[in-house]
Each structure stands twice: as C-alpha cells, then as structure tokens.
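The values are calculated or read from the model by the stated rules, or taken from the named source; none is laboratory data. These numbers come from a predicted model, not from an experiment. Because the Cβ atoms are built from the backbone with ideal geometry, glycine has one as well, and the counts that use them run over all protein chains shown. Protein only, heavy atoms only, side chains kept; ligands, DNA and RNA dropped before computing areas. Shrake-Rupley method; radii C 1.70, N 1.55, O 1.52, S 1.80 Å.
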Amino acid sequence: MDDEWQAERDWPLLTTGLAGRLRRDCMAQWLDFVRHPFVRGVADGTLPPEAFRNFLIQDYLHSSSMPAPARWRCTRLIRLLTCAMPQA
C-alpha cells in the first residue's frame, strides 16, 4: 500500500485553481508539511497525546489575540478535545 499522500487521489480540488498553482509553486514546502512527523502522527493516530495537548495549548495562546467570539469558540473546542483525550 502506498502511504504517500497524493493530491490527485486524496483531495483532487488541490490540483486546480489557486490552490493547485500555489501547491505546484511551493512543492518542496508542501511536501515538508505533509511529511512532517506531527502531521503524519495526527493522520495515522500515532501522535502522543502529550504532543497534541502541547499543540492545543500553543494554539490557544496564539488565539488570545483573536476577537472575543472566535476566542470563545477556540476555548470551547480545546476543552472538548482535552476532555476526550486519555490522561497522561
């Protein structure tokens, strides 16, 4: 089985229009992104819960500069996700 991500097969809309052009022009960076251990770990379920928890905390701290309605939604989502995660 080929585990390499392929836009044409996995998400055809990324091959056309602006998304397709940007992807082609930045293919090296795109491949770095989709092959990153964090992204692969999320995709295949092997990312340690603590790594995902740290990501959520970092994302929350970044979102603190957002307008209040967006910040409220992020806070609620983080609470829901972290409650559903196994405790370390």
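Conditions tested, residue by residue: (1) out of contact with any strand residue (DSSP E or B) (no Cβ under 9 Å at 6 or more places or on another chain); (2) on the phi > 0 side of the Ramachandran plot; (3) among the hydrophobic types (A, V, I, L, M, F, W, C); (4) at pLDDT below 85.
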position	(1), (2), (3), (4)
Thr46	yes, no, no, no
Pro69	yes, no, no, yes
Arg73	yes, no, no, yes
Arg76	yes, no, no, yes
Leu81	yes, no, yes, yes
Exercise for the section: Go through the range 37-55 and give me each residue that's surrounded by 11 or more Cβ atoms within 10 Å (Cβ to Cβ), under 14 Å from the mean Cα position of the chain (by Cα) and farther than 15 Å from Gln6 by Cα. Expected result: Phe38, Gly41, Val42, Leu47, Ala51, Phe52, Arg53, Asn54, Phe55
Fill in the blank from the handout: If we keep only residues of the range 12-36 that are in contact with a helix residue (DSSP H, G or I) (Cβ under 9 Å, 6 or more places away or on another chain) and open to solvent by 80 Å² or more (accessible area, probe 1.4 Å), then the residue modelled with the highest pLDDT is Phe33
Practice task
Starting from the range 30-49, take each residue that is within 21 Å of Ala19 (Cα to Cα) and list its partners that are part of a helix (DSSP H, G or I) and basic (Lys, Arg), counting only C-beta distances under 9 angstrom and pairs at least six apart or across chains.
Solution key: Trp30/Arg23; Trp30/Arg24; Val34/Arg40
